[in-house]
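As structure tokens, the structure follows; a few thoughts come after it.
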Amino acid sequence: MADKTAKSARPSSDMTAFRKEFAKAKSIVILTGAGVSAESGVPTFRGAGGFWRKWQAQTLATPEAFADNPSLVWEFYHYRREVMASKYPNKAHEAIAECERRLKPQNRKVTVITQNIDGLHKRAGSDSIIELHGNLFKTRCVKCKDVAVNNDSPICEALRDKGEPDPSAVDAKIPVENLPRCKISGCGGLLRPHVVWFGEALNTEVLDRAGEELDKCDLCLVVGTSSVVYPACMFAPNVASRGITVAEFNMEDTPVTNEFMYHFQGPAGEHLPAALAKCDTEK
Ligand code: BJW
Ligand code: ZN
């Protein structure tokens, strides 16, 4: 184990030392955020890429924005759904999925807990995935609460060719009756993206499943998240406070970097394949 006694000491970037701990770990949690998909060309939430038209993504990811202007919020999510057709899992997603597959016959578990809604972990072949903030390709009826998978493109006729991200684009101002509607017989309620917006509680079952995996893990990787959004930002620091090794993979420091044993600075697509590659001790 790397030498990191004081909580505020700098984490180690010794990959050889990390690999020794990885070789022994039996229950690994990989907590991911928008940065894991950045190399696939999916914009992150904060920072320069986090704008759509003139709005910061955070401004539109709220129940208030949807209540105020469902057409605008649907344009934003429609754009993000359509964009995903030309985006593919990158080396980081693939390294995580390959690691889960390889470790399974060794009775070693890898669980992805992701804040992302883009579905790229699944597309890379990861199986054990907990989606904390929902999924771009699921809808929820505001009236009957039905949750459904929806891969339609466009999701409704009125959104066809809408959602242009350019700041000069004109809002489509789609009447609410022409926005995506529930197909359950006799309902017809307005659909919303099945995602967790600011101020909304995370699904209790999802939170419980994440809590179980975090409680029993003996190694935790935290990849491409700014670690500022509650409750996910507390997960890895809580694991570290149990004395479990946590390794952060990020382009930069985060507010919790110094709580961890390891910090690997740089693109996840570069460091994760090296971190999760087959060890000499594996059969
Ligand atoms: C790379 C890389 C590369 C780049 N390789 N790395 C005041 C204090 C404390 C809490 C609150 C507060 N006021 C309100 C709250 C609660 C609020 C919250 O935490 N707000 C904070 C912002 C202050 N949280 C909530 O509301 C949550 N619910 C909740 O807490 O309920 C109870 C409650 C309610 C109200 C008050 C108090 C309690 C719900 C949060 C839901 C978040 N939803 C979103 C949108 C999802 C749908 C969608 O995508 O549209 O989830 S917001 C957005 O942030 C999205 C993300 O999943 C989430 C996290 O972002 P993430 O993934 O970390 O992305 P970025 O962009 O921030 O960071 C990218 C990172 O990658 C950076 O660090 C880069 O350096 C790095 N990177 N390229 C490696 N190649
Ligand atoms: Zn309905």
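Close Cβ contacts (under 6 Å, 6 or more residues apart or on different chains) running from residues in the range 128-151 that are of a type in the set (Gly, Ala, Ser) to residues that are more than 15 Å from ligand 1 (Cβ to nearest atom) comprise Ser128/Thr111.
Looking at the structure I just gave you, is Arg101 assigned to a helix (DSSP H, G or I), modelled with pLDDT of 95 or more, out of contact with any helix residue (DSSP H, G or I) (no Cβ under 9 Å at 6 or more places or on another chain) and open to solvent by 10 Å² or more (accessible area, probe 1.4 Å)? Yes, satisfied.
Among residues that are more than 16 Å from ligand 1 (Cβ to nearest atom) and β-branched (Val, Ile, Thr), Val170 is included. The residue of the range 267-283 that is modelled with the highest pLDDT, among those that are of a type in the set (Asp, Glu) and farther than 14 Å from Lys104 by Cα, is Glu270.
Just one of the numbered conditions (1) touching a His at 6+ places or on another chain (Cβ under 9 Å); (2) open to solvent by 40 Å² or more (accessible area, probe 1.4 Å); (3) under 14 Å from Gly33 (Cα atoms) is not true of Met251: (1).
Tell me yes or no: at least one residue of the range 10-32 is assigned to a loop (DSSP other than H, G, I, E, B), buried (at least 16 other Cβ atoms within 10 Å of the Cβ) and in contact with a Gly (Cβ under 9 Å, 6 or more places away or on another chain). No: the range 10-32 contains no residue that is assigned to a loop (DSSP other than H, G, I, E, B), buried (at least 16 other Cβ atoms within 10 Å of the Cβ) and in contact with a Gly (Cβ under 9 Å, 6 or more places away or on another chain). Of all the numbered requirements in (1) open to solvent by less than 80 Å² (accessible area, probe 1.4 Å); (2) within 16 Å of ligand 1 (Cβ to nearest atom), Ile184 misses one, and that requirement is (2).
Restricting the range 115-134 to residues that are open to solvent by 20 Å² or more (accessible area, probe 1.4 Å) and assigned to a strand (DSSP E or B) leaves a set whose member that is nearest to ligand 2 (Cβ to nearest atom) is Glu131. Residues that are open to solvent by 80 Å² or more (accessible area, probe 1.4 Å) and within 18 Å of the chain's Cα centre (by Cα) do not occur anywhere in the range 263-276.
Sort out which residues of the range 229-274 are in a helix (DSSP H, G or I), closer than 23 Å to Glu131 by Cα and of a type in the set (A, V, I, L, M), and write them in order of number. Within the range 229-274, Ala232, Met234, Ala236, Val239, Ala240, Ala268, Leu272 qualify.
The values are calculated or read from the model by the stated rules, or taken from the named source; none is laboratory data. Keep in mind it's a predicted model, so treat the numbers as computed, not measured. Glycine gets a Cβ as well: all are built from the backbone with ideal geometry, and neighbour counts include every protein chain shown. With ligands, DNA and RNA removed, areas are computed over all heavy atoms of the protein, side chains included. Shrake-Rupley method; radii C 1.70, N 1.55, O 1.52, S 1.80 Å.
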